[in-house]
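A.B. asks: This is the structure I want to talk about, given as structure tokens.
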Amino acid sequence: MAVGNEEDVSALLADVARRAQAAGRTDLSERIVAHAERLARPDVVVVVAGEFKVGKSSLVNALVGAAVCPVDDDIATSVPTLVRFASEPGVHVRRLADDAPQPVEDIARLVTEQGNPDNREDVRIVEVGVPSALLADGLILVDTPGVGGLSSTYASATMTTLALADAVLFVSDASQEYTRPELDFLAAARKVCPEVVAVLSKVDVVPEWRRISELNEGWLAGAGVPGPIVATSAALQLRGIAGDRADLRDESGLAALVGRLRGVTGRVRRTMAAGALDEARAVLGQLAAPLRAEHEALADPDATIARLEEAVESARRLSADSDWAALLDDGMIDLENQVGAELGRRMKAVLADAGRTVGTSDPAAGWDEFGAALARRVSEEVSAVAVGVGDLAGALATRLAEEFAEHEALIAPMVVAPPVAAVLPLAGEAPPTLTRATPWRGVLMDAGWGGLEALGVMGSILTFTSISLFNPFSLVIGVFIGGKTVRDARRRDVERRRDQAVEAVEQYVRDAEQAADRELQATSRRIRRELRTTYQRRADALYRSARESLAAAQRTIGSDDARRESRRRELADRLGDLEALAGGAGG
Amino acid sequence: MTFVAEVSRLVASAAQLYAGTPGRQQVDEIGARLAGPLRVAIAGKVKAGKSTLLNALVGEELAPTDAGECTRVPWWFRDGLTYRVTLRPRVGTPQAARFTRTDGALEVDLGDFDAGDLESIDVEWPSRALRTLTLIDTPGIASATPALTHAAERFFSPDDERAGPADAVIYLMRHLHAADVGFLESFTDDAFAGSTPVNTIAVLSRADELGVGRLDAMESAARVAGRYRQDRRLARLCQTVVPVAGLLAQAAVTMREDEYRLFRRLAELPDGELEELLLSVDRFAARPGPAPAAERVALLRRFGIFGTRTAVHLIREGLGADATALKAGLLAVSGVDDLRSLLAQQFAARSDLLKGRAALLALADLVRRMPVAGTDALEADVERVQAGAHELVEMRFLNALRSGELTLPAGQDAEAARLLGGDGPDPRARLGLDASAGDADVRAALADALGRWQRRAESPLAFGPAKEAAQAVVRACEALAAGLAYGLE
């Protein structure tokens, strides 16, 4: 059976879940139902990124057909805004301390640099729900602060977000070709995000937009980002919607962009379908195990019982917290140590560079700028470590999955394909790099998290790399420097000022390192906990399958010959049936 | 003796000391720079509209502009008796170059040179606008082509420690960017060189694009510029921020009669038809309308969608009865008029001071690098003038106030900066009076300010830099009073 058809996949999942339930295995049917639900409405996270004031918010508005993100000539977005489907429009604000719904009118006050300077409202992310058809099948757009704005700590936050996204729309406006910072951002984005779509905005006002588009396509080719560039005019689209004018909507170029977004959604769905089918195969394997055990026991009871006893013992050990748990624990401890060391190494380098700067200049001049640059640098380093946590955790999850695969093969040998977590390929289609390009997404999917939940898990790190760094910084500087004599411009005080500055910088970097370490450890503990729960359930299910298999085999011993033959035929039929299903799931 | 006269005297004595030595040529260059027009560099990120603004200021489409990046070496535009282009290579002797003009823009034949080998391209052009200002078009920063960024950095931070080539800087930015702040800082020297807040004006360029070409775009831009003026980070780096729609200014100043006629025909279209036509650039070029498509495309290329919309709007409002009226209206909208008067007020009026300061820097540097008999005394003289000239003291305090290195008790910063000439050196500007204020008002305001600052300067509570600043303000007031007494205002 071809698995491209989503209806076939969900029918198959429903069938498998029903069978699991009929066999009394709700532990297995729940796993399938969870996959089926996620597949029905996957969170497909698309981040809209680009330089400051290129029209990202307008583009989001034009895409969803409503003015959800505040747009103004002067104001700029400063807090990531997540736009998702909702039958009733609404705004939900996630702060550092708490989450709360907010009146829709408040959004401009919360997400712009002017309404909420330096994020004094401590907003982590704002979620906007809109009844937009584009978003109905699970697409989530994330409007981000511009990467080049004065407070470029936002840039590293955006980069961390990209590690979790399914795609990025990279927006630049038609008035000029890519600049160095834009190309740098593109190159970095391409490394962490599976799909980059280049969008040219504001083509309604730039006569030479076609030339700029060509020039940019040249740069894209050089950066290894596939084209073509999608040329758009949010203004024409919004006018077309307001005045119900199909001609303007056609000219806006938004349809092509929607096409690309649908492509992203399709790819994510295919990946998810492949994962769900793997799971279905694993479940079928376990449903088949008792039948197979009985079937084999009819032919060769002694050998079968011996094999199954061994399998039960192996599954018992698995369920009672043995090797895999040690592997996970050791791996996570190792990860935490590595993260701590890496963070320490990077912060030391920051301190050394900052010390050099302070030692060769007068802190009285440009202290604020130096402070902002320092905060930016620290934020970039933390962001790099956070992305690294994903690499390490991804590798660990893969090893864990391999470990389980051996046990599953022993207990439920009908599972022919590799287990769920190792790879999620779709035979002959999407290359596995698409899913594994982002280790973060891989590990989060292993733990059973969708894109949105993934953002939630990473929320603490996102916040950390963007916002919270600003506040402790101004605090530290305010206390140690600003209030005292650093602005006193007399020459003889330069040395004293330098000493104070070095002290303040050390204090700040130390505080930042501690806070970052705390956040990263908390994240890694959370990953450990989730992986542990997931795999414990898996182990328990296997143990149960093994015990039921053994019990089924033991029942056959002593049954009379006539019933044995008919039972053997019945078992062969049911097994064949399950194998056919599993074959379908295998693609 | 005035400051400039004193600097000239120092240059003259240096010329004698260096007679017959290799240093003489450099002294002559310093002298020529002192005597010549003020050199204003136009700097900014790549594609900020530097060449376009230069053309608008010169009043001719001279500097090549292009949708891609095009200025690869600094171009100098100076007034001359004849049209001449000289290539100045990094190594070797300057050479005359052949040039042609395509649609006005200069096309220079670089001959055997690669753009990377050139220090600068020097254009002499008989032009009234260039008589008071020599303009320098510089390569953009943050270019995707690294060589271009290097060229810009080389221009503003030359390898050796000589004074920078420009006396003043117009810095163009589209929005306030991290790269802008970094770049402004790179040519703001803490000691006594390069550019300072006093000789830098920031221009919010391509201002019409902020409002995405809407008719009210320049009002938005003015609001944004106003906010930037309040930004402490920018105040540290430049005097003020003004919005300019460079493309519109360049097109308006060179507007032709046929272009005016096409605007008229557009303005006469029925409302609905005009609106449909102006919805997007592609529509303007492709829909049926007055004049062949090619003509409309050319118009759009020159004026942009904002310029086109504005021109048609002005005509419809009765503000473009003829080409001259429309041109004046467009120039006013573009903001270039404001920039011009700002240049006259801030740079031209301070021109001697800025040039003299640059000459002093160059002399100090020369005597340090190439001492000859008698330069010890000259060096001491240079230092004395640097330390003593009231104009320089004013400028130093002004810079310190702007950069935040010096803060005065609450509310006094702004007045001190104004009295030190922060809003312009003219007595009325210093006293915060209208240009039309009468002499009696000037005298009253001056007496008031003088009394207030004398008390502050002599207050037993004042000490350190704040006291010195108050003393400088008092001196500034006394100089004003002296000027008024002799009727020299």
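A.B. asks: Given the criteria modelled with pLDDT of 90 or more and more than 29 Å from A:Val385 (Cα to Cα), does A:Ser201 qualify?
C.D. replies: So A:Ser201 passes the test.
A.B. asks: Moving to a separate point now. Name every residue in the stretch B:257-283 that is within 13 Å of chain A (Cβ to nearest Cβ), in contact with a helix residue (DSSP H, G or I) (Cβ under 8 Å, 6 or more places away or on another chain) and under 21 Å from B:Gly320 (Cα atoms), in order of residue number.
C.D. replies: Just the residues of the stretch B:257-283 that are within 13 Å of chain A (Cβ to nearest Cβ), to begin with: B:272, B:275-283.
Next, only the ones that are in contact with a helix residue (DSSP H, G or I) (Cβ under 8 Å, 6 or more places away or on another chain) stay: B:276-283.
The answer is B:Leu277, B:Leu278.
A.B. asks: Here is a further query. Name the residues in the stretch B:337-375 that are in contact (Cβ under 8 Å) with a residue 24 or more places away in the chain, within 14 Å of B:Ala15 (Cα to Cα) and in a loop (DSSP other than H, G, I, E, B), would you?
C.D. replies: Within the stretch B:337-375, B:Met370, B:Val372, B:Ala373, B:Gly374 qualify.
A.B. asks: If you don't mind, another one. Please work out which residue is surrounded by the fewest Cβ atoms within 10 Å (Cβ to Cβ), limiting yourself to the stretch A:533-568 and to residues that are within 15 Å of A:Asp300 (Cα to Cα) and among the polar types (S, T, N, Q).
C.D. replies: Once the filter is applied, the top-ranked residue is A:Ser559.
A.B. asks: Tell me, yes or no, whether the stretch B:36-48 has at least one residue that is part of a strand (DSSP E or B), closer than 30 Å to A:Val203 by Cα, away from chain A (no Cβ under 14 Å) and touching a residue at least 40 places away in the same chain (Cβ under 8 Å).
C.D. replies: yes
A.B. asks: Looking at the stretch A:220-240, which of its residues are outside any loop (DSSP other than H, G, I, E, B) and either free of Cβ contacts under 8 Å to residues at least 24 places away in the same chain or more than 14 Å from chain B (Cβ to nearest Cβ) (or both)?
C.D. replies: A:Ala221, A:Gly222, A:Val230, A:Arg239, A:Gly240
A.B. asks: A further question on this structure: Which condition breaks for B:Val253 when tested against (1) farther than 22 Å from B:Gly59 by Cα; (2) more than 14 Å from chain A (Cβ to nearest Cβ); (3) modelled with pLDDT of 90 or more?
C.D. replies: (1)
A.B. asks: Go through the stretch B:17-47 and count every residue that is at positive phi and of a type in the set (Ser, Thr, Tyr). Lay out the reasoning, then the answer.
C.D. replies: Filtering the stretch B:17-47 for residues at positive phi gives B:20, B:44, B:47.
Filter again for of a type in the set (Ser, Thr, Tyr), leaving none.
Counting residues in the stretch B:17-47 that are at positive phi and of a type in the set (Ser, Thr, Tyr) gives 0.
A.B. asks: Does any residue of the stretch B:376-397 turn out to be assigned to a helix (DSSP H, G or I), modelled with pLDDT of 80 or more and within 14 Å of another protein chain (Cβ to nearest Cβ)?
C.D. replies: Scanning the stretch B:376-397 turns up at least one residue that is assigned to a helix (DSSP H, G or I), modelled with pLDDT of 80 or more and within 14 Å of another protein chain (Cβ to nearest Cβ).
A.B. asks: With respect to B:Ala359, is the statement that it is outside the structural domain of B:Ile170 (by TED's automatic domain parsing), over 30 Å from B:Ala444 (Cα atoms) and in contact with a helix residue (DSSP H, G or I) (Cβ under 9 Å, 6 or more places away or on another chain) true?
C.D. replies: yes
A.B. asks: I'm told B:Gly432 meets every condition in (1) under 24 Å from B:Leu38 (Cα atoms); (2) surrounded by fewer than 19 Cβ atoms within 10 Å (Cβ to Cβ) except one. Can you identify the failing condition by its number?
C.D. replies: All conditions are met except number (1).
A.B. asks: A further question follows. Which ranges mark the helices (runs of 4 or more DSSP H) fully within the stretch A:243-340 that have 2 or more residues being surrounded by 19 or more Cβ atoms within 10 Å (Cβ to Cβ) and among the hydrophobic types (A, V, I, L, M, F, W, C)?
C.D. replies: A:254-299, A:301-319
A.B. asks: In the stretch B:311-328, what count of residues is obtained for those that are buried (at least 23 other Cβ atoms within 10 Å of the Cβ) and at pLDDT below 95?
C.D. replies: Of the residues in that region, 1 qualify.
A.B. asks: Let me ask you something else. If the requirement is being more than 14 Å from chain A (Cβ to nearest Cβ), part of a helix (DSSP H, G or I) and out of contact with any helix residue (DSSP H, G or I) (no Cβ under 7 Å at 6 or more places or on another chain), which of these qualifies: B:Ala447, B:Ala470?
C.D. replies: Just one listed residue meets the conditions, B:Ala447.
A.B. asks: To continue, here is another question. Which pairs do you get when a residue that is among the acidic types (Asp, Glu), found in the stretch B:271-290, comes within reach of a residue that is surrounded by 17 or more Cβ atoms within 10 Å (Cβ to Cβ) and not in a loop (DSSP other than H, G, I, E, B), reach meaning Cβ atoms under 9 angstrom, with the pair 6+ apart or on two chains?
C.D. replies: Pairs that qualify, where the first residue is among the acidic types (Asp, Glu) and the partner is surrounded by 17 or more Cβ atoms within 10 Å (Cβ to Cβ) and not in a loop (DSSP other than H, G, I, E, B), are B:Glu276/B:Arg283; B:Asp282/A:Trp209; B:Asp282/A:Glu251.
A.B. asks: When the stretch B:411-426 is examined, which residues are found to be touching a Leu at 6+ places or on another chain (Cβ under 6 Å), under 13 Å from B:Thr240 (Cβ atoms) and part of a loop (DSSP other than H, G, I, E, B)?
C.D. replies: Listed by number, the list holds a single entry, B:Gly422.
A.B. asks: Shifting gears a bit: Please specify each residue of the stretch A:480-503 satisfying the condition of being of a type in the set (A, V, I, L, M) and either at pLDDT 80 or above or not in a helix (DSSP H, G or I) (or both).
C.D. replies: The answer is A:Val486, A:Ala489, A:Val502.
A.B. asks: Answer yes or no: is there a residue in the stretch A:191-214 that is in contact with a helix residue (DSSP H, G or I) (Cβ under 7 Å, 6 or more places away or on another chain), more than 14 Å from chain B (Cβ to nearest Cβ) and either part of a helix (DSSP H, G or I) or of a type in the set (Ser, Thr, Tyr) (or both).
C.D. replies: Within the stretch A:191-214, one or more residues are in contact with a helix residue (DSSP H, G or I) (Cβ under 7 Å, 6 or more places away or on another chain), more than 14 Å from chain B (Cβ to nearest Cβ) and either part of a helix (DSSP H, G or I) or of a type in the set (Ser, Thr, Tyr) (or both).
The values are calculated or read from the model by the stated rules, or taken from the named source; none is laboratory data. Since the model is a prediction, treat every value here as computed from it, not as a measurement. Please note: Cβ atoms are built from the backbone with ideal geometry, for glycine as well, and neighbour counts cover all protein chains shown.
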